[in-house]
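Working notes, beginning with the structure itself.
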Amino acid sequence: MNSPLPHHSATRTTAEQPDEEGVHRQRTAIAALGHEVRALVDATVRTTAAPDALLRVAEGVRGLAAQLTGRRARAEIPVVDEFPGGARMYSPVTGTGSPLAPPLKVTRLDGGVAGTCALGLAHEGPPGYGHGGISAMLLDESMGWACATAGMPGMTVSLQMRYQRPVPLEARLRVLAHVTGTEGRKVYVAGSITTEEDPSTVLAAAEGVFVSPDPEHARALFPGLRAPGGSDGGTAVGR
Ligand SMILES: CCCCCCCCCCCCCCCC(=O)SCCNC(=O)CCNC(=O)[C@H](O)C(C)(C)COP(=O)(O)OP(=O)(O)OC[C@H]1O[C@@H](n2cnc3c(N)ncnc32)[C@H](O)[C@@H]1OP(=O)(O)O
């Protein structure tokens, strides 16, 4: 699981909380589907197949999508997630269930976090290299995790990027992020991307400011956030 923080239960929106075994089975299945759909996305942007073959596959994929029944509401926190500060199965950055995610695997370091991943052709900007927006996404997420590991989960209010070298596709990357200071609800964070092979050459770097919303603001932003056990005893935020 891509979660550097201890799991906690203040995450459910509805009364029916599956047991631990049920959550584990659901997460495993979500990750398995995410893995296969990521492979499909890669094949989709890599293929040189002829139009007939592409149309045949499009038809098949439409049939597969129809099997994915049920619809999560926009602000509903998935039963398998732990928000804030834990697993986000469908995060576009770390979520093993998201076909958009590389996915970035984040672990806690002393004073920050380290993330690892490789980008694919679906993340391409200049031919052979990562899209700048994807680099910003990797850094933003890692810096958000650094805030959470420091005990101040927050939202980005400012992200300043420096692109120093192109980020190669299909290379193992290392994303580092650490908190550099705090001021009230503001957290200052810095981060960098290198390849694992050459950790001394910074490809992209960022400085960011994150803000922990006050409890009232957090309740308004995240109405799905509930007390442990899914009761309506109010939000866990700010307690
Ligand atoms: C426990 C709660 C859980 C909830 C937290 C969970 C989040 C878990 C995310 C997980 C995933 C991570 C993913 C990556 C992080 C995203 O991608 S977050 C998505 C992108 N960011 C956003 O959408 C944030 C949009 N901004 C907002 O909604 C509001 O600015 C916020 C963040 C709720 C803060 O609003 P507010 O509480 O009204 O803050 P406000 O009083 O205006 O400002 C607070 C302080 O910040 C300063 N500030 C505001 N903007 C700026 C700025 N641009 N530059 C510098 N300083 C600024 C203010 O000057 C003020 O400073 P002081 O006067 O206190 O010295």
Study note, to complete from the structure: Given the conditions (1) hydrophobic (A, V, I, L, M, F, W, C); (2) crowded, with 22+ Cβ neighbours inside 10 Å; (3) within 16 Å of the ligand (Cβ to nearest atom); (4) within 25 Å of Ala39 (Cα to Cα), every one holds for Leu173 apart from (3)
Review point. How do the pairs read when you match residues in segment 215-232 that are within 9 Å of the ligand (Cβ to nearest atom) with residues anywhere that are modelled with pLDDT under 90, using Cβ under 6 Å and keeping only pairs 6 or more apart or on different chains?
Key: Pro215/Val237; Pro215/Gly238; Ala218/Val237; Leu225/Thr235; Leu225/Val237
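In the set Val157, Val187, Val202, which member is within 11 Å of the ligand (Cβ to nearest atom) and out of contact with any helix residue (DSSP H, G or I) (no Cβ under 7 Å at 6 or more places or on another chain)? Give the steps one after another, and end with the answer.
Working: Val187 fails: out of contact with any helix residue (DSSP H, G or I) (no Cβ under 7 Å at 6 or more places or on another chain); Val202 fails: within 11 Å of the ligand (Cβ to nearest atom).
From the options Val157, Val187, Val202, the qualifying one is Val157.
May I ask you to verify whether Leu100 is over 19 Å from Val209 (Cα atoms) and within 16 Å of the ligand (Cβ to nearest atom)?
Answer is yes for this residue.
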Check your understanding: Got at least one residue in segment 42-57 being surrounded by 11 or more Cβ atoms within 10 Å (Cβ to Cβ) and either closer than 20 Å to Gln26 by Cα or among the hydroxyl-bearing types (Ser, Thr, Tyr) (or both)?
Key -> yes
Check your understanding: Can you spot a residue in segment 156-164 that is β-branched (Val, Ile, Thr), surrounded by fewer than 15 Cβ atoms within 10 Å (Cβ to Cβ) and either modelled with pLDDT of 95 or more or more than 27 Å from Gln17 (Cβ to Cβ) (or both)?
Key -> yes
**Study point:** segment 192-212: number of residues that are part of a strand (DSSP E or B) and over 15 Å from Gly130 (Cβ atoms)
**Key:** 5
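The values are calculated or read from the model by the stated rules, or taken from the named source; none is laboratory data. All values reported here derive from a predicted model rather than from experimental measurement. Backbone-built Cβ (ideal geometry, glycine too); neighbour counts: all protein chains shown.
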